[in-house]
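Inspection log for the structure reproduced underneath, given as structure tokens.
The values are calculated or read from the model by the stated rules, or taken from the named source; none is laboratory data. Because the structure is predicted, anything quoted here is derived from the model rather than measured. Methodologically, a virtual Cβ is constructed for each residue, glycine included, from the backbone with ideal geometry; neighbour enumeration extends over all protein chains shown.
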Amino acid sequence: MKTDSTSPKIAGALFLLAMVSSLVGGGIIESVIGAADYLISIASSATQLFIGSSFEMINAIAIIAISVILFPILKQHNEQLAIGYVSFRIIESIFCIISAIVPLLLLALNQQYLASKEFLGEPAYFNSLATLMINARMQCTGLLIPLFFSSGALLFYYMLYASRLVPRFISIWGIIGVILILILNFLINDTHSLAMALALPIILNEIFLGFWMIIKGFSYSAGMKNITEH
């Protein structure tokens, strides 16, 4: 088996970058578009939205970069699962990009809204269009991104578990975290405090995994057996 000490460290740093950029970007954007009068007040928060969208774009790029960097290592254990992992992460990244673009589209819509309001009063279709945009982002962040993240993560943590590239407690922790994310998004997506509790294990896991990969890398000697033997 070919060993690579650099790629896991880079991927670990990208795990941390993706987590931070996702949480920061999402927090900034939601604080603006969550306001009751966002279609009117959003122009005053343009800088915040640009910053938030930039963070979410960084997250999208990091997601793809992680899978591409790790693919040569993972495919040595099971190439089909490694391809599936990369595929799910690419789709996840596409929906992350869509989510990041929506706030910028709302800014453009706001300009048209204010210009039309001056001459036409309060055109209702602007509110309807804005609502559709917000709903599209909610579907991405609340359903599609978690779905493809979870699909890719299950493959990833299974490969880590079977190959023992990292200690198995990390893989088991990650699988449990992914299951909780699925429960959160498909069963009980309406309770904020409970949502945070269910999301916390996978957040902490990816942070821990990121630091582990940076400091320890992968244990190739423990991962000599191919996944298909398990």
Residue list for the range 130-142, filter: surrounded by 19 or more Cβ atoms within 10 Å (Cβ to Cβ), within 19 Å of the chain's Cα centre (by Cα) and not hydroxyl-bearing (Ser, Thr, Tyr): ARG137, CYS140
Return the total of residues in the range 1-49 being of a type in the set (Phe, Trp, Tyr) and modelled with pLDDT under 95. 1
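Scan the range 126-154 for residues that are of a type in the set (Gly, Ala, Ser), farther than 15 Å from ILE63 by Cα and at pLDDT 90 or above and report the count.
1
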How many residues does the range 64-91 hold that are small (Gly, Ala, Ser) and either in a loop (DSSP other than H, G, I, E, B) or crowded, with 19+ Cβ neighbours inside 10 Å (or both)? 2
Within the range 143-165, which residues are of a type in the set (D, E, K, R) and either crowded, with 23+ Cβ neighbours inside 10 Å or closer than 17 Å to VAL68 by Cβ (or both)? none
